Structures are given as C-alpha cells and as structure tokens.
Amino acid sequence: MNKTTIEKAINHLSKIKEFQILIDKNPIPTFNKNDNYFDALSKSIIYQQLSGKVAKIIYHRFISLFKQNSPNAKECLKLSIKDLKEIGLSRQKIAYINNLSEFFIENNNLIDFNKLTDKEISKKLLSIKGIGPWTVDMFMMFTMFKVDILPLGDLGIKKAIQKLFKLQELPSDKLMIEKSLKWKPYRTIASCYLWTLVDDGDVW
C-alpha cells in the first residue's frame, strides 16, 4: 500500500474522535508487498485463531523450511507431517496448507489475483477447504492492499470495538458495520489501529 493512501487514511481517521488518541499513540501501519500468493495465504492459515506473537514464531519456522525462505506449493507437499508438526502446526492446519498447495499446483501457480474482482477473489479462495472469510480478509488487507476491509470475524477487532465504544458485550456484525461507517473508505487502516488496543503487538 503506497504512502499517499496511508496518509489520506490517517488524515481521514484523525478527524474522528475515537481514533485521534490511537493515531497519536501508535506508529503508522506498514504494509509489505508480497507477490508470493502461496506464502501470503499460508501465513493467513498459520495465523488463524492464534495470537500474533505465537503465529509469527510458527510462520518464521515455516518459511525457514524452504529455499531462500520462499514457500512454494510443490516443495510444501514434499514436507512430512512430522516436519510440520515439529514447527508448531496442528494436524488440521497442515491439512489446510496441503489443500492450498494442491490448489496452486492445479492452477499451475498462474493465478493473477490483481485481474480479479473482490468477489472473484473471495469465491476462488473460499473454494479451498481451510480458507474462510477471515483468511480472505487478511489476504485482501495485507497482500492485495484493499483499503476498506473490516474483518468482521476477527476477535481482536470485536474486542477493540467493544473497548472503544465501552460496550457491555462483544458487538454483532451489524453493529460493527454501523460503527465503522464513519471510517470508510479506510477501514483496513482503521483495523490496524484497532488491533493496537487489544493485541500483543505482533498483529501481522
């Protein structure tokens, strides 16, 4: 995501009361380009339902299994379950990553997500067993650099919105959407700031 877009987002969000303090207290979010879609999606699977800190450790162990720390589907399928369990992956996540590997091999690693619409990307990814809406959202935010994604299924975002608006319970999807309308069209950047309220400092 380019610097100009992030600056526009921060300028927009800083005018909203609940974000003023968050923006002043925290560093500007960073987005690192990654054209290795298999790597990006593997990372999303690894991060499912884990704290950022734990997931980051397992992810770095995972990429260390590949030449130049660059995961690819063909080499991934050659790894044994034992190898993958030893780095901290559950049997279920190993199965999901193998499903992802087979998907990329079937498509000859030639999927150009940049040429697809958001709906087409979502449909294609959700066809892979082990990839759900949250994983699609992470891919959209941190790989495709879509600027207006609000990950409704993310527990950290739910907790942050609860804290931000002093709610007695976790918000429903409907309430999250309502509360986030003022943040449009920069809800991806807004989410990065929300995570700082609840996470351990290693969101991604």
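Output the residues belonging to segment 45-69 that are modelled with pLDDT under 95, surrounded by 15 or more Cβ atoms within 10 Å (Cβ to Cβ), in a helix (DSSP H, G or I) and not hydrophobic (A, V, I, L, M, F, W, C).
Selection gives TYR47, GLY52, LYS56.
Kindly indicate whether any position in segment 2-23 is open to solvent by less than 50 Å² (accessible area, probe 1.4 Å) and under 18 Å from the mean Cα position of the chain (by Cα).
So the first thing to find is which residues in segment 2-23 are open to solvent by less than 50 Å² (accessible area, probe 1.4 Å), and the list is 5-6, 9-10, 13-14, 16, 18-19, 22-23.
Now drop any that are not under 18 Å from the mean Cα position of the chain (by Cα), which leaves 6.
Yes, segment 2-23 contains a residue that is open to solvent by less than 50 Å² (accessible area, probe 1.4 Å) and under 18 Å from the mean Cα position of the chain (by Cα).
Which pairs turn up if I take residues in segment 132-159 that are in contact (Cβ under 8 Å) with a residue 60 or more places away in the chain and open to solvent by 40 Å² or more (accessible area, probe 1.4 Å) and look for partners that are small (Gly, Ala, Ser) and not in a helix (DSSP H, G or I) with beta carbon separation below 9 Å, at least 6 apart in sequence or on another chain?
TRP134/GLY153
Quick check on my filter: what residues within segment 55-81 are without any contact (Cβ under 8 Å) to a residue 24 or more places away in the chain and among the aliphatic types (A, V, I, L, M)? Quick ask: steps written out before the conclusion?
Going residue by residue through segment 55-81, those that are without any contact (Cβ under 8 Å) to a residue 24 or more places away in the chain are 59-60, 64-69, 75, 78-81.
LEU65, LEU79, ILE81 - these are the residues of segment 55-81 that are without any contact (Cβ under 8 Å) to a residue 24 or more places away in the chain and among the aliphatic types (A, V, I, L, M).
Regarding segment 90-108, can at least one residue be identified that is open to solvent by 20 Å² or more (accessible area, probe 1.4 Å), assigned to a loop (DSSP other than H, G, I, E, B) and in contact (Cβ under 8 Å) with a residue 12 or more places away in the chain? Give the derivation first.
Step one: of segment 90-108, the residues open to solvent by 20 Å² or more (accessible area, probe 1.4 Å) are 90-93, 95-96, 98-99, 102-103, 105-108.
With the extra rule that they be assigned to a loop (DSSP other than H, G, I, E, B), the set shrinks to 90, 107-108.
So of that shortlist, the ones also in contact (Cβ under 8 Å) with a residue 12 or more places away in the chain come out as none.
No; the residues of segment 90-108 include none that is open to solvent by 20 Å² or more (accessible area, probe 1.4 Å), assigned to a loop (DSSP other than H, G, I, E, B) and in contact (Cβ under 8 Å) with a residue 12 or more places away in the chain.
For segment 94-117, check the following and say yes or no: at least one residue is small (Gly, Ala, Ser), over 18 Å from the mean Cα position of the chain (by Cα) and on the phi < 0 side of the Ramachandran plot. Full working, then the answer.
Applying the first criterion (small (Gly, Ala, Ser)) to segment 94-117 yields 95, 101.
Filter once more, so that each one left must be over 18 Å from the mean Cα position of the chain (by Cα): 95, 101.
Remaining after also requiring on the phi < 0 side of the Ramachandran plot: 95, 101.
Yes, segment 94-117 contains a residue that is small (Gly, Ala, Ser), over 18 Å from the mean Cα position of the chain (by Cα) and on the phi < 0 side of the Ramachandran plot.
Inspect all residues belonging to segment 28-42 and state whether any of them is in contact with a Lys or Arg (Cβ under 6 Å, 6 or more places away or on another chain) and open to solvent by less than 100 Å² (accessible area, probe 1.4 Å).
First pass over segment 28-42, keeping only residues in contact with a Lys or Arg (Cβ under 6 Å, 6 or more places away or on another chain): none.
Checked against the condition, which is being in contact with a Lys or Arg (Cβ under 6 Å, 6 or more places away or on another chain) and open to solvent by less than 100 Å² (accessible area, probe 1.4 Å), segment 28-42 yields no hits at all.
The values are calculated or read from the model by the stated rules, or taken from the named source; none is laboratory data. What you see is a predicted model; the values in this text were computed from it and never measured. Reconstructed Cβ throughout: ideal geometry from the backbone, glycine too, with neighbour counts over all protein chains shown. With ligands, DNA and RNA removed, areas are computed over all heavy atoms of the protein, side chains included. Shrake-Rupley method; radii C 1.70, N 1.55, O 1.52, S 1.80 Å.
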